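Q: Questions regarding the structure given below will be posed in turn.
The values are calculated or read from the model by the stated rules, or taken from the named source; none is laboratory data. Only a predicted model underlies this, so the values are computations on that prediction, with no experimental measurement involved. No Cβ is skipped: glycine too gets one built from the backbone with ideal geometry, and neighbour counts run over all protein chains shown. For the accessible areas, the whole protein counts, side chains as well, though only heavy atoms, and no ligand, DNA or RNA atoms are used. Shrake-Rupley method; radii C 1.70, N 1.55, O 1.52, S 1.80 Å.
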Amino acid sequence: MYYGFDIGGTKIEFSVYNTELECVFNERIPAPTDDYEELLDALDTFIFQADKEFGCKGMVGIGYPGVMDPENNTTICPNLPSLHGQNLQTDLQKRISRDVKVQNDANCFALSECFKGAAEDAEIAIAVTLGTGLGGAICINKTILSGHNFGAGEFGHMAIPGTMLQRYPELPLTHCGCGGHSCLETYCSGTGLAALYKFYKTHIDGSCSEEQALKGPDIITAYEANDAVAVKTVTVFLDILAAALGSLIMILDPHVVVFGGGLASFEALYSQLPEKIKAYVFDNMKLPQLKQAKFGGEGGVRGAALLNYT
Ligand SMILES: [Zn+2]
């Protein structure tokens, strides 16, 4: 059996998959936010209960919202203080007497799509999660590309292309939580879309009250109703995303780009983005297929379980 954990900022999801990759158990509990021992207790309780239930010693994979510190293999995840700076892999291995695999959650999401998902047949797949932030991952032949510092695929923190500032000179230069400036996720994510809307509402209409500051789904609805500010916002959003994906395509030449996260159902990603991307790649290039994730919210926990599948 394959056990997967998706540890988020507020919850822990645990699933068990059989060898056919069918989910045979799933449960969510609130994540202990401050107490690391409590977090470990929660994980090993799930594991030992599942061992008993399924009469086996399941293989354990964990996805979490952060990256590994390349110096000492501790987890860097400021959004979950109970896990930040801890050596989860070593500590849990000691408790449960078996190997544990630990990975960034966007990488788990991407891996999940490579097995019976939207990237099933892709030799090179890029995954982009458009949620609160922008997560990224690269899989090559169904294997996660981790990189020299476990940092491969952190597309959200590359600066937006300079051509965007030429095309939209009014664009605000942003500060990102990572310490960088004008990172892609500060424009192209749920939070970024809302910030762009607020900026253009003020820029076009002269002001933007708290009530007028729309969030993701409402901005999409306003865009579909031809609201001028929403149309401008979404046009710029798609253009920045297209330019960034164009750069990634010139580097990796992927076969498939998979979108996940709350904005992945936005139809324009599939109908308009390909045409826009063409402006940023060689004329004769075949574009990758842009696809919506098949496993949606399950992708993180499923991908964590799959860390032991190959
Ligand atoms: Zn950043």
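Q: Report the antiparallel proportion of the DSSP beta bridges in the chain as a percent, rounded to a multiple of 5.
A: Numbers: 26 of 45 bridges.
Among the beta bridges of the chain, antiparallel pairing accounts for roughly 60 percent.
Q: If you don't mind, there's one more thing I want to ask. If you take the square roots of the eigenvalues of the alpha-carbon gyration tensor of segment 1-41 and sort them as a ≥ b ≥ c, do you get rounded (a/c under 1.5), prolate (a/b over b/c) or oblate?
A: Values: a/c = 3.55, a/b = 2.48, b/c = 1.43.
Taking the square roots of the gyration eigenvalues as a ≥ b ≥ c, segment 1-41 is prolate.
Q: Now for a separate question. Give me, ordered by chain and number, the residues 5 or more places off VAL281 or on other chains with an amide H under 5 Å from its own placed amide H.
A: When sequence neighbours closer than 5 places are left aside, there are no close amide H contacts.
Q: Counting pairs of alpha carbon atoms under 8 Å apart in space and at least six apart in sequence, what relative contact order in percent does segment 122-293 give?
A: Values: 274 pairs, mean separation 44.5, N = 172.
In percent, rounded to a whole number, it is 26.
Q: Given LYS52/LYS101; LYS142/LYS291; LYS116/LYS276; LYS57/LYS101, which pairs have Cα atoms separated by over 24 Å? Spell out each step's value before the answer.
A: On the way: LYS52/LYS101 21 Å; LYS142/LYS291 17 Å; LYS116/LYS276 29 Å; LYS57/LYS101 15 Å.
Exceeds cut-off: LYS116/LYS276.
Q: Rg(Cα) of the chain divided by 2.2 N^0.38 Å? Numbers along the way, then the final one.
A: Working: Rg = 20.2 Å, N = 310, 2.2 N^0.38 = 19.5 Å.
Here the Cα radius of gyration is 1.04 times the empirical estimate.
Q: Quick one: accessible area per residue over the chain, 1.4 Å probe, rounded to a whole number of Å²? Don't skip to the end; give the middle numbers.
A: Details: 13950 Å² over 310 residues.
That works out to 45 Å² for each residue.
Q: How far is it, in nm, from the label point at VAL24 to the one at ALA152 when both lie 7 Å from their Cα along the line to the Cβ?
A: About 3.3 nm, to one decimal.
Q: Pop out the ³J(HN,Hα) list for segment 127-142 in order, Karplus 6.51 cos²θ - 1.76 cosθ + 1.60 with θ = phi - 60°, rounded to Hz; leave Gly and Pro as x.
A: Values, residue by residue: 10, 10, 9, 9, x, 4, x, 10, x, x, 7, 10, 10, 10, 6, 6 Hz.
Q: Here's something else I'd like to know. Which residues make up the longest stretch of the chain that has no GluC sites (Glu not before Pro) in a DSSP loop with at most 14 other Cβ atoms within 10 Å? If you can, show how the numbers build up before the last one.
A: On the way: sites that count: GLU20, GLU22, GLU71, GLU120, GLU123, GLU170, GLU210, GLU211, GLU267.
That gives 212-266 as the longest site-free run.
Q: Still on this structure, I have one more. Suppose accessible area is computed on protein heavy atoms with a 1.4 Å probe; arrange ASP69, ASP41 from highest to lowest. Could the numbers behind the result be given before it?
A: Details: ASP69 35, ASP41 70 Å².
Heavy-atom accessible area, descending, gives ASP41, ASP69.
Q: Please list, ordered by chain and number, the residues whose modelled amide H lies under 5 Å from the amide H of ILE76; skip anything fewer than 5 residues away on the same chain.
A: The list, which skips near neighbours in sequence, is VAL67, MET68, ASP69, GLY85.
Q: Taking Cα atoms, how many degrees apart are the long axis of helix 228-252 and the longest axis of the chain, rounded to 10 and kept between 0 and 90?
A: 60
Q: Calculate one ³J(HN,Hα) per residue across segment 278-289 by plugging θ = phi - 60° into the Karplus curve 6.51 cos²θ - 1.76 cosθ + 1.60, and present them in order as whole Hz with x for glycine and proline.
A: 3, 6, 10, 10, 4, 4, 8, 6, 7, 6, x, 6
Q: When the Karplus curve 6.51 cos²θ - 1.76 cosθ + 1.60 is applied with θ = phi - 60°, which whole-Hz ³J(HN,Hα) does each residue of segment 60-72 get, with x for Gly and Pro?
A: Each residue of segment 60-72 in turn: 10, x, 10, x, 9, x, x, 10, 8, 6, x, 6, 9 Hz.
Q: How much of the accessible area of the chain, in percent, comes from carbon and sulfur atoms when a 1.4 Å probe is used?
A: Of the solvent-accessible surface of the chain, carbon and sulfur hold 52 percent.
Q: Where does the Debye-calculated log10 I(q)/I(0) of segment 25-157 sit at q = 0.10, 0.12, 0.15, 0.19 Å⁻¹, using only Cα point scatterers of equal weight, no solvent?
A: -0.36, -0.52, -0.82, -1.21
Q: Output the 0 to 90 degree angle, nearest 10, between the alpha-carbon long axis of helix 105-114 and the longest principal axis computed from the alpha carbons of the chain.
A: Helix 105-114 and the main axis of the chain meet at about 90 degrees.
Q: Stick to Cα atoms and the Kirkwood definition of Rh, then tell me Rg/Rh for segment 165-310.
A: Working: Rg = 16.6 Å, Rh = 16.7 Å.
Checking Rg against Rh, the ratio lands at 1.00.
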